[in-house]
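*Asks:* Before anything else, here's the structure in question.
The values are calculated or read from the model by the stated rules, or taken from the named source; none is laboratory data. Predicted model, so just to flag it, every value in this text is computed and none were measured. Neighbour counts are summed over all protein chains in view; Cβ atoms, including those assigned to glycine, are modelled from backbone coordinates with ideal geometry. All accessible areas refer to the heavy atoms of the entire protein, side chains included, with ligands and DNA or RNA removed. Shrake-Rupley method; radii C 1.70, N 1.55, O 1.52, S 1.80 Å.
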Amino acid sequence: MSLFPSGAAGSAAAAGAAVDPLIQIRDLIYKIVGIFQADNKLRLLEDRCQKRMKALGIPTLRDYFDCLTIKPIRQAEMVSLLNEITIGETCFFRNPPQIDAIRKIVLPKIIEAKSKLALRQLRIWSAGCSTGEEPYTLAMVLLEEQASQLKGWTTEILATDLNERSIAHAKAGSYGDYSTRNVEPLFRGKYFLLSGDKLRVKPEVQSAVTFSRLNLLEDARMLFMKGVDLILCCNVLIYFDAVSKKRVIQHFYTNLLQHGYLFLGHSESLFGVNDDFQLVHLPSCTAYVKSDKRMADQSR
């Protein structure tokens with residue numbers, strides 16, 4: 001499937017030569033993945049472009065824009081550029097209150113809502129998983145619960161990110177001191193193996209997570225994310241403008257089951273973005289559930 005929207009390559013290539021090519025590159029990125037680089041971020045964008053230009057032996061930004069729009073390698077090169085732009089920072093057990101709320105409140109409520117179904121399956125989506133620390137943290141928490149509240153249940157953790165380099169790192173499952181600084185000794189000894197100067201997650205943790213590259217604005221791919229009980233999308237919406245945020249949140253609403261929960265980063269909010277979700281206050285953190293009014297309207 002093409003990375004570019006229909007006609008994007010042709011219309012981008014036809015843009016007037018007088019337009020600053022850096023602005024054209026910024027607008028092309030926005031059109032494809034919804035990430036907008038504000039004027040005060042253009043220097044950083046130019047640095048990332050220059051890095052790719054050096055790797056390809058391309059002399060000017062104008063030539064690089066052509067490479068991103070009309071050259072045969074345009075799709076692969078856009079992926080490479082996005083790898084440079086979308087560099088996330090995370091760690092294991094980054095948000096303990098959120099993890100605690102999932103284990104003590106959210107899981108019991110989801111289990112209760114699905115208790116009468118023949119298929120006892122829990123499906124979780126880590127959207128914008130970066131290098132994998134978040135979904136692996138969830139996998140460890142769920143493994144801890146298998147002897148108690150998740151006994152007899154199967155679990156599936158889907159972890160997606162736009163950055164293919166981050167996905168490769170996540171699949172490798174090897175982490176240094178900075179990423180594992182919040183891991184308690186119990187979890188460190190139970191779910192990690194020492195590999196040189198790094199810690200590698202054990203096979204039972206790795207096998208619990210399925211990683212894949214995903215553009216959150218790619219409507220067709222969203223069809224494969226349906227039927228999710230829990231979505232975590234932490235510190236991802238900050239990269240989007242209001243229009244792109246609304247599209248992403250609508251995808252979450254469509255794919256989340258009626259009893260499901262959506263968690264965002266502690267500084268992120270849906271206020272003024274979407275009314276289909278309502279905020280719920282949990283001990284030491286917040287989450288979103290589907291609005292009762294919206295579900296009532298849909299059931300009529």
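*Asks:* Out of Pro97, Pro108, Pro72, I need the residue that is part of a loop (DSSP other than H, G, I, E, B) and more than 17 Å from the chain's Cα centre (by Cα). Which one?
*Replies:* Pro72
*Asks:* Just to be sure, is Ile231 under 13 Å from the mean Cα position of the chain (by Cα), open to solvent by 30 Å² or more (accessible area, probe 1.4 Å) and in contact (Cβ under 8 Å) with a residue 12 or more places away in the chain?
*Replies:* no
*Asks:* Select from the stretch 233-261 the residues that are of a type in the set (Phe, Trp, Tyr) and either modelled with pLDDT under 95 or in a helix (DSSP H, G or I) (or both) and list them in ascending order.
*Replies:* Tyr239, Phe240, Phe252, Tyr253 - these are the residues of the stretch 233-261 that are of a type in the set (Phe, Trp, Tyr) and either modelled with pLDDT under 95 or in a helix (DSSP H, G or I) (or both).
*Asks:* So, one more: Could you check, for the stretch 130-139, whether at least one of its residues is of a type outside the set (S, T, N, Q), at pLDDT 95 or above, over 17 Å from Leu262 (Cα atoms) and open to solvent by 80 Å² or more (accessible area, probe 1.4 Å)?
*Replies:* no
*Asks:* Another question, then. Taking the condition surrounded by fewer than 18 Cβ atoms within 10 Å (Cβ to Cβ), of a type outside the set (Lys, Arg) and touching an Asp or Glu at 6+ places or on another chain (Cβ under 9 Å), does Gly176 pass? Spell out the reasoning first.
*Replies:* Working: surrounded by fewer than 18 Cβ atoms within 10 Å (Cβ to Cβ): yes; of a type outside the set (Lys, Arg): yes; touching an Asp or Glu at 6+ places or on another chain (Cβ under 9 Å): yes.
Against the criterion (surrounded by fewer than 18 Cβ atoms within 10 Å (Cβ to Cβ), of a type outside the set (Lys, Arg) and touching an Asp or Glu at 6+ places or on another chain (Cβ under 9 Å)), Gly176 qualifies.
*Asks:* Separate question: What number goes with the only condition from (1) of a type outside the set (Ser, Thr, Tyr); (2) free of Cβ contacts under 8 Å to residues at least 24 places away in the same chain; (3) surrounded by 17 or more Cβ atoms within 10 Å (Cβ to Cβ) that Asn40 does not pass?
*Replies:* Every condition holds for Asn40 apart from (3).
*Asks:* In the list Ser166, Ser148, which residue meets the criterion of being crowded, with 16+ Cβ neighbours inside 10 Å and either modelled with pLDDT of 95 or more or more than 14 Å from Asp229 (Cα to Cα) (or both)?
*Replies:* One residue alone meets the criteria, Ser166.
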